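**Student:** Before anything else, here's the structure in question.
The values are calculated or read from the model by the stated rules, or taken from the named source; none is laboratory data. Predicted model, so just to flag it, every value in this text is computed and none were measured. Here Cβ is always computed from backbone atoms with ideal geometry, including for glycine, and neighbour counts include all displayed protein chains.
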Amino acid sequence: MRLAQKLAVHVVGAGMILATLTPQAQTPRKVNVAHRGASAYAPEHTLAAYRLALEQGADFVEQDLAVTKDGVLICLHDPTLERTTNVEEIYPDRATTVTWEGKTVRAWLANDFTLEEIKRLDAGDWFDVKFSGERVPTFDEAVALVRGRAGLFPELKTPEVYVGRSVDFEALVATALDKHALRGPRADPKTPVILQTFSEVSAKTLAEMRVGVPVVLLIGNAAGWDSVDRVRAWKGVVQGFGPAKQILLDQPDFVRWAQGEGLTVTPYTFRSADTGRFPNVKAEMEHFLYTLGVDGLFTDNPDQFPRRPAALAKLGPLSAAWWPASLRSPVGILDPHRAKRGPTGAQRGSYRPQGWPYDPGISEEARLTCP
Ligand code: G3P
Ligand code: CA
C-alpha cells in the first residue's frame, strides 16, 4: 500500500473527514527546499536569499548552522568565514592554522569570533555588489523572517569542529526551538521544522534526546548503502534521508527501500550551474521528483521547482501527505537539560513531532497564483 493511502486510512480511522478524498487528492506533495535560500540568485545564507526563497514559493528554507564563540547559532555553511564574508580584510590577524583532510591551511573559524564581531562582516559583496551590507544572520533572525511563511530545515553543520570547544550543538538547537515554540505540544503548526545532519553521531544524539522534530540523515557517500538492510537500521532513529543526487542516479532502488520503511527521501543539490546530463535544472528536478519518486529536494533555484498543476488542483493546503508512517507514532520530547533523566508527565509519549503535517493554511492554487 502506498504511503499516502496508508496515511488516509490512518486519518480516517482517527475520525477526521477525509472520506471523500479522491485518489488524486492523496497525491503526495513534493517539497521544495530552498538550499541556503534562493542561493542561485542571492548570497547564500543571507536574509536576502531567504526572502527571495519565500517569494519564489519555497516550502522550506534551509539553514546551515554554526556556533559563535559566545554560543550563538548563526547561519553559515562553512566552518570558516573567508569564502562568504570579508573577514580577511576586517580581521587580518585572526586566522588560525587548521588541518583538515590532510591539508594545513590558515582559516578564520567562525567559532573563534563573537556574534558582535561577525555582525561587522559583509556577507553579500562577494556575490554581487548589489548585496553589499548583507550580514551573517542568526538562527533567531532566520526564524523571525521565515516563520508562518514556510518551514525551516536547519542542518547541524560540521559538529566535529566543536569537539573540545565546550559546545553542545544538539542542546543549543533544541533550546532555540523551544525559545521560538517550534517543537513540543504548543509548537507553531504553520512553521514545521526538520533537522538534518551528515553526522551519524549527531543523528543518534538527536534521537536519544527525543528532539521532537523529524531528523533527516544526509548521505554524501554511497559506500555501504547498497541494500535495504542499512536503510532499515535507521528506522526509528531518523525519519528520512538526504542523499547526494548521484547516489540515486546510481541506485534508484534506494527511494523504494526508504519509502517502503516509511522514511522520506530528499536529495541534494539541484542547481542551474550543475545539471549533469539534463538540459536544465527544471528537467533534472522533474526526473527525480516524478520518475525516481523522491519526496522533495534541495535546490538553489526554488523558482524552477516543477509543480504538477493537474495534481495540485486537487491537493488543497499542504497537508499530511508528506507525513511518513514513522512520525505518526507518539514520540516524547525531552527538555535538553533533562535529557539524561528521561521524559516526565505530559512529555512522555504524548507528543507528535512537528514538521508533518504541514498546513500553512494557504491552498496550493493560491500559492501558485500569488504575484
Ligand atoms: O543539506 C543538504 C545539502 O545542503 C548538503 O550539502 O554542503 O550544501 O550543506 P551542503
Ligand atoms: Ca546543508
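**Student:** Residue by residue through the range 102-141, note down the ones that are at negative phi, without any contact (Cβ under 8 Å) to a residue 60 or more places away in the chain and assigned to a loop (DSSP other than H, G, I, E, B).
**Tutor:** Trp108, Phe113, Thr114, Lys119, Arg120, Leu121, Asp122, Asp125, Ser132
**Student:** Does Glu170 meet the test of being in contact (Cβ under 8 Å) with a residue 12 or more places away in the chain, over 19 Å from Tyr41 (Cα atoms) and surrounded by fewer than 20 Cβ atoms within 10 Å (Cβ to Cβ)?
**Tutor:** The answer is no for Glu170.
**Student:** Here's another thing I want to ask about it. Return the residues of the range 259-270 that are under 11 Å from Pro243 (Cα atoms) and of a type outside the set (Val, Ile, Thr); say none if nothing qualifies. Full working, then the answer.
**Tutor:** If we filter the range 259-270 for residues that are under 11 Å from Pro243 (Cα atoms), which is where we start, we get 264-269.
If the condition is that a residue be under 11 Å from Pro243 (Cα atoms) and of a type outside the set (Val, Ile, Thr), then Pro267, Tyr268 are the ones that fit.
**Student:** For Ala144, which of the numbered conditions (1) away from ligand 1 (no atom under 16 Å from the Cβ); (2) part of a helix (DSSP H, G or I); (3) over 15 Å from Val61 (Cβ atoms); (4) out of contact with any Pro (no Cβ under 8 Å at 6 or more places or on another chain) fails to hold?
**Tutor:** Ala144 satisfies every listed condition except (3).
**Student:** Could you grab me the full set of residues in the range 78-93 that are touching a strand residue (DSSP E or B) at 6+ places or on another chain (Cβ under 9 Å) and assigned to a loop (DSSP other than H, G, I, E, B)?
**Tutor:** If the condition is that a residue be touching a strand residue (DSSP E or B) at 6+ places or on another chain (Cβ under 9 Å) and assigned to a loop (DSSP other than H, G, I, E, B), then Asp78, Pro79, Leu81, Glu82 are the ones that fit.
**Student:** Could you count how many residues in the range 29-66 are more than 16 Å from ligand 2 (Cβ to nearest atom), over 11 Å from Ala150 (Cα atoms), aliphatic (A, V, I, L, M) and in contact (Cβ under 8 Å) with a residue 24 or more places away in the chain?
**Tutor:** Qualifying residue count for the region: 3.
**Student:** Could you go through the range 195-209 and let me know if any residue there is within 24 Å of Asp78 (Cα to Cα), of a type in the set (Val, Ile, Thr) and either in a helix (DSSP H, G or I) or in contact with a Phe, Trp or Tyr (Cβ under 6 Å, 6 or more places away or on another chain) (or both). Outline the logic, then answer.
**Tutor:** So the first thing to find is which residues in the range 195-209 are within 24 Å of Asp78 (Cα to Cα), and the list is 195-206.
Now restrict to residues that are of a type in the set (Val, Ile, Thr): 197, 201, 205.
Next cut, either in a helix (DSSP H, G or I) or in contact with a Phe, Trp or Tyr (Cβ under 6 Å, 6 or more places away or on another chain) (or both) only: 201, 205.
Within the range 195-209, one or more residues are within 24 Å of Asp78 (Cα to Cα), of a type in the set (Val, Ile, Thr) and either in a helix (DSSP H, G or I) or in contact with a Phe, Trp or Tyr (Cβ under 6 Å, 6 or more places away or on another chain) (or both).
**Student:** Those residues that are surrounded by 14 or more Cβ atoms within 10 Å (Cβ to Cβ), polar (S, T, N, Q) and within 15 Å of ligand 1 (Cβ to nearest atom), I need them from the range 189-230; list them, please.
**Tutor:** Within the range 189-230, Gln196, Thr197, Ser199, Ser202 qualify.
**Student:** Turning to a different aspect of this structure: Only residues that are among the aromatic types (Phe, Trp, Tyr) and under 22 Å from the mean Cα position of the chain (by Cα): list them for the range 113-160, please.
**Tutor:** If the condition is that a residue be among the aromatic types (Phe, Trp, Tyr) and under 22 Å from the mean Cα position of the chain (by Cα), then Phe139, Phe153 are the ones that fit.
**Student:** Kindly indicate whether Asp78 is at pLDDT 95 or above and over 23 Å from Ala203 (Cβ atoms).
**Tutor:** In short, no.
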